[in-house]
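See structure below.
The values are calculated or read from the model by the stated rules, or taken from the named source; none is laboratory data. No experiment lies behind these values; they were computed from the predicted model shown. Note that each Cβ is placed from the backbone with ideal geometry, even for glycine, and that neighbours are counted across all protein chains shown. The protein model used for the area step is the full one, side chains on, heavy atoms only, and it has no ligands, DNA or RNA in it. Shrake-Rupley method; radii C 1.70, N 1.55, O 1.52, S 1.80 Å.
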Amino acid sequence: MTNTFKKVTESIKNAPAWQQKYREIMLLGKTLPILPESLKIDDALVPGCESKVWMFVEFDLSESSLVVIGDSDTRIVKGLLALILALYNGLTPEQVIKIDAYEEFEKLGLISHLSPSRGNGIKAMIEKIKTMAQQKVL
């Protein structure tokens with residue numbers, strides 16, 4: 001788990017009620033850089049997400065780490081994506097494989113408050129990242 005993830009989840013953990021957590025997640029989504037329209041292509045769409053989520057997962061050879069960028073057309077999903085990016089960016093493929101992001105989301109109390117389709121979207125985003133990490137380990 002990255003220090004960035006620990007830092008960005010602090011306000012979510014400390015929020016006293018679900019509505020405040022929801023707000024914190026949406027605010028986190030606003031911190032993501034806007035993905036240029038030229039990168040919002042069908043090949044970058046994450047299958048399994050109800051909302052549109054564009055994600056690129058690359059491997060930085062000089063750092064031996066994954067670099068993930070993305071965007072979404074809805075505020076809450078963009079915030080959830082920001083959490084996922086904070087969790088994985090900068091880790092080696094081996095580290096990525098070891099992290100159970102879904103469990104981290106449960107620890108934050110998010111999974112039980114999200115619709116099943118949003119939960120499936122989270123799984124789809126995580127799966128895309130883990131698949132890339134697996135390819136780099138082999």
Matching residues in the range 28-57 - criterion: being open to solvent by 50 Å² or more (accessible area, probe 1.4 Å) and among the hydroxyl-bearing types (Ser, Thr, Tyr): THR31, SER38
Pair list, Cβ < 6 Å and 6+ apart or interchain, from the range 107-133 residues that are over 21 Å from ILE69 (Cβ atoms) to residues that are among the acidic types (Asp, Glu) and modelled with pLDDT under 85: SER117/GLU50
Checklist (1) at pLDDT 90 or above; (2) open to solvent by less than 80 Å² (accessible area, probe 1.4 Å); (3) more than 15 Å from the chain's Cα centre (by Cα) applied to ILE25, failing item: (3)
Test: residue in the range 81-96 that is open to solvent by 10 Å² or more (accessible area, probe 1.4 Å) and in contact with a Lys or Arg (Cβ under 7 Å, 6 or more places away or on another chain): no
SER117 being within 22 Å of GLU24 (Cα to Cα) and either modelled with pLDDT under 85 or open to solvent by 50 Å² or more (accessible area, probe 1.4 Å) (or both): yes
